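Enquirer: The structure that follows is given in the form of structure tokens.
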Amino acid sequence: MNREGSPPTGPQPLPQSAKRVLALVVLGVGVAQGFGRFTYALVLPAIERDLLHSYALAGWLGTANLAAYLVGVMLVAVAARRLSAARLIVYGLVASTAGLTVMTIASGPAALLGGMITTGLAGAFIWIPAPGLAGSVVAEDRRGVTIGLMASGIGVAVLFASQLTHLVHARYGEDAWREVWAVEAVAAAAATMLTLAWLRDPAVERLEDSTAPTLREILALTSLRAVPGWVALTTAYAGYGLCYSVYSSYLVAALVSDAGFTMAHASLDYALVGLAVSGGGILLGQLSDRVGRRPTLVWGFVAMGSCPLLALTASEPWVGMSALVFGTMMSGLGSIHATYVHDHTTERSFAPAFGAITLFFGAAQLAGPALGGFLAERTGTFTWAFVVAALAGFSAVAAAAALPRED
């Protein structure tokens with residue numbers, strides 16, 4: 001209480017238990033997304049030369065990872081009825097470690113496919129419960145920035161992977177790639193042990209069987225339909241999925257094959273994506289807390305759609321600027337979608353609602369790697385793939401503008 005006897009004003013410090021939850025969630029998200037998904041773009045040129053010999057095949061492997069993620073979304077939505085968010089994240093980390101290990105020792109495309117599928121499933125087991133768990137330990141007026149903080153783990157992991165790839169190539173040559181995933185597998189195992197020992201749910205988040213949604217209800221979008229403007233939000237999230245999956249999958253390959261950048265130069269630009277991702281969720285989350293989710297989404301998608309076009313200039317500083325802006329939007333816009341759903345759902349309905357919207361996002365991002373690889377194989381350039389990414393980003397602008405205006 002203050003001197004006048006009124007309650008204290010301003011944000012209150014988080015208890016240690018909440019800080020521990022947030023730190024471990026950030027760590028888990030970094031392993032699942034930064035290692036399990038985004039490292040593939042860094043090692044893709046080396047894998048294509050050493051193992052695949054086709055960007056079309058490489059694209060289908062990326063699609064398999066995303067398809068597994070989509071299947072994982074449905075599994076998590078059902079498992080959330082009986083398992084806590086913390087337990088789901090632990091299972092996701094175990095699977096991430098296994099998938100990274102398999103990819104490290106893969107001797108052919110089939111084994112690599114198995115690892116990509118495993119890490120894709122793992123990503124859903126971590127990403128879907130993470131926003132609800134992170135948002136549940138803070139006050140509502142800090143939810144946007146907190147869920148944005150969660151996405152910073154991706155950026156830190158991408159930065160780590162970029163620098164690790166640079167070091168591996170400097171030591172073993174630009175055709176080396178197994179060493180990258182080997183180090184990440186060890187890091188994932190350490191993260192798994194820390195999370196198993198320390199991550200606890202602040203409250204029981206399991207749903208009783210009598211009140212939990214069934215898979216049929218999830219697929220019928222029962223919880224999602226309660227979110228105002230859910231059609232516009234879902235459409236925007238789908239555009240986001242297609243745009244980011246093409247850009248993040250092929251930025252390094254496009255800069256090396258089309259722009260003539262060295263692998264070190266392309267990896268540095270990809271590291272800028274990771275640098276921006278680490279702060280983008282916090283920046284846009286805080287902005288959306290102040291000015292609203294809708295305007296932040298609209299102008300964020302304007303910026304995101306411009307990034308693939310800037311990358312096509314194939315010259316600096318425009319490529320570096322593209323990477324920085326894209327990384328900021330990638331983490332920020334994804335976090336705001338999760339926050340928007342969290343704003344309009346209860347603790348019980350968040351997981352199935354977010355899982356339902358992620359089904360559409362997942363379906364859209366499935367098309368990205370395969371479509372980008374196909375276009376590159378047919379045309380001999382990544383230009384048309386990046387044009388498609390830009391169009392997807394700009395389509396999300398119109399969808400976000402159709403969201404209900406906030407009071």
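The values are calculated or read from the model by the stated rules, or taken from the named source; none is laboratory data. Because the structure is predicted, anything quoted here is derived from the model rather than measured. Heads up, the Cβs are rebuilt from the backbone with ideal geometry, glycines too, and the neighbour counts pull from every protein chain shown. Surface areas here come from the heavy atoms of the whole protein model, side chains and all, with no ligands, DNA or RNA. Shrake-Rupley method; radii C 1.70, N 1.55, O 1.52, S 1.80 Å.
Enquirer: Among the residues that make up segment 53-71, is at least one of them surrounded by fewer than 18 Cβ atoms within 10 Å (Cβ to Cβ) and not in a helix (DSSP H, G or I)?
Expert: Scanning segment 53-71 turns up at least one residue that is surrounded by fewer than 18 Cβ atoms within 10 Å (Cβ to Cβ) and not in a helix (DSSP H, G or I).
Enquirer: In segment 88-124, how many residues are without any contact (Cβ under 8 Å) to a residue 60 or more places away in the chain and either of a type in the set (D, E, K, R) or open to solvent by 10 Å² or more (accessible area, probe 1.4 Å) (or both)?
Expert: Selection size over segment 88-124: 14.
Enquirer: Here is a list: 171, 142. Which entry is among the basic types (Lys, Arg), without any contact (Cβ under 8 Å) to a residue 12 or more places away in the chain and assigned to a helix (DSSP H, G or I)?
Expert: 171
Enquirer: Looking at 303, 311 in this structure, which one is without any contact (Cβ under 8 Å) to a residue 40 or more places away in the chain, open to solvent by less than 40 Å² (accessible area, probe 1.4 Å) and in contact with a helix residue (DSSP H, G or I) (Cβ under 8 Å, 6 or more places away or on another chain)? Full working, then the answer.
Expert: On the way: 311 fails: without any contact (Cβ under 8 Å) to a residue 40 or more places away in the chain.
Answer to the selection: 303.
Enquirer: Kindly indicate whether any position in segment 259-266 is in contact with a Phe, Trp or Tyr (Cβ under 8 Å, 6 or more places away or on another chain), open to solvent by 10 Å² or more (accessible area, probe 1.4 Å) and in a helix (DSSP H, G or I).
Expert: no
Enquirer: Would you check if residue 326 is of a type outside the set (A, V, I, L, M), open to solvent by less than 10 Å² (accessible area, probe 1.4 Å) and touching a residue at least 60 places away in the same chain (Cβ under 8 Å)?
Expert: Judged against the criteria, residue 326 is a match.
Enquirer: Which numbered condition in (1) touching a Pro at 6+ places or on another chain (Cβ under 8 Å); (2) open to solvent by less than 10 Å² (accessible area, probe 1.4 Å); (3) of a type outside the set (Val, Ile, Thr) is the only one that residue 404 fails?
Expert: Every listed condition holds for residue 404 apart from (2).
Enquirer: Identify all residues within segment 383-397 that are over 17 Å from residue 330 (Cα atoms) and aromatic (Phe, Trp, Tyr); write none if there are none.
Expert: Residue satisfying the conditions is 384 alone.
Enquirer: If residue 40 passes every condition in (1) within 18 Å of the chain's Cα centre (by Cα); (2) farther than 19 Å from residue 164 by Cα; (3) in contact (Cβ under 8 Å) with a residue 60 or more places away in the chain; (4) open to solvent by 10 Å² or more (accessible area, probe 1.4 Å) but one, which one does it miss?
Expert: Only one criterion in (1) within 18 Å of the chain's Cα centre (by Cα); (2) farther than 19 Å from residue 164 by Cα; (3) in contact (Cβ under 8 Å) with a residue 60 or more places away in the chain; (4) open to solvent by 10 Å² or more (accessible area, probe 1.4 Å) is unmet by residue 40, namely (2).
Enquirer: (1) crowded, with 22+ Cβ neighbours inside 10 Å; (2) within 29 Å of residue 132 (Cα to Cα): which one isn't true of residue 19, the others all being true?
Expert: It is condition (1) that residue 19 fails.
Matching residues to (1) at pLDDT below 90; (2) surrounded by 22 or more Cβ atoms within 10 Å (Cβ to Cβ):
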site	(1), (2)
176	no, no
180	no, yes
189	no, no
201	yes, no
207	yes, no
212	yes, no
223	yes, yes
242	no, yes
